Amino acid sequence: MSEAKESTKYFFSRTNGRASLLAIAPLSLRAHSSFTFFSLPYTINPMTSASNKMSDDAQQAHDYLLQLGKLTVDFAHVERVPLYGSDRPESDVEHSFHLAISAIEIAANYHPELDVGLVAQFSLVHDLPEVHVGDVPTFDISEEDRAKKEADEKAATEQLLRELPPHLAGLLERYEEQTEPEARFVRFIDKLLPAVIHATVSEPNKKMFKEKYNMHTLEQIEKGDPARVAYLKKMFPEFDFIHIVRGLVVQSSRERIYGHKSN
């Protein structure tokens, strides 16, 4: 250690695993005859440091669990349009679980180039901003309402990114960027699921279509098909197979709700 450097340094001597703090002073003072050095006992215990870190980490994990517990409860109270029964709307938690198991199965079987683990993670976080803004259905949505929905969800996402624990915040940010194929795949599969629920629980959803959208006949719904198909093909040009699957799902949904197939 250079004596010429004018700065404060810590000087230790070590005996049998113990360290003594000899002085905390500018180096130039060490040469001054009137300066008296002193010794303070100081024990270095790496186990204490590791124990303190584990305790801090445990407290942080505890805080994360309570935070995510509240998030889950709040998320479960966000209602969607598809019905699971008479007057029983699907929740965002149920929808996210449905998306996760559907997306990983389709990816594993028909898109093996995708990372299935990442597909599952993106599925679980994809709608989390709705905990702040709720769910806005996109069936027959106007361009003006779609723009408002996107602006509201962007603001909610920015708020949530400041609130979430780091891993989930990173996942949500990556999903919203829509640059990774897994994120885009999840967003497209998400578009198929309302029709899956309509096909699975047809009677309540038939009533919903009549009352909420004033869609009493199959022909009324089919009028909007060209615009919906064109929008999705422009949005997801890389997933030809999923476009075919979507057509089959929509056909099954309409057959079970209206009693006959689409044209």
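Do any of K154/K234; K70/K233; K70/K207 go past 30 Å between their Cα atoms, and which? Can you show the working numbers first?
Numbers: K154/K234 21 Å; K70/K233 38 Å; K70/K207 33 Å.
Violating the 30 Å Cα-Cα cut-off are K70/K233; K70/K207.
Which trypsin sites (Lys or Arg not before Pro) does region 169-263 hold that lie in a coil by DSSP with at most 16 other beta carbons within 10 Å? Loop-located and lightly packed - K223, K261. Residues of region 104-141 with amide nitrogen under 15 Å from the 7 Å Cα-to-Cβ point of K149? Under 15 Å, as judged by backbone N against the label point of K149, lie 127-131, 133-141 of region 104-141. In order along region 137-143, the phi-based Karplus estimate (6.51 cos²θ - 1.76 cosθ + 1.60, θ = phi - 60°) of 3J(HN,Hα) comes to x, 9, 5, 6, 7, 7, 5 Hz; Gly and Pro are listed as x. Think of each Lys and Arg Cβ as +1 and each Asp and Glu Cβ as -1; about the Cα centre, that makes the dipole of region 77-258 roughly 580 debye. Taking amide H positions as modeled 1.01 Å from N, with prolines and chain starts lacking one, the residues under 5 Å from Y84 and 5 or more places away or on another chain are E90. In summary, the convex hull built on the alpha carbon positions of region 167-219 has an orientation-averaged projected area of 5.6 nm².
Read-outs: derived from the displayed coordinates by stated rules, not from any lab. From a predicted model like this one, the values you see are computed outputs, not experimental measurements. Methodologically, a virtual Cβ is constructed for each residue, glycine included, from the backbone with ideal geometry; neighbour enumeration extends over all protein chains shown.
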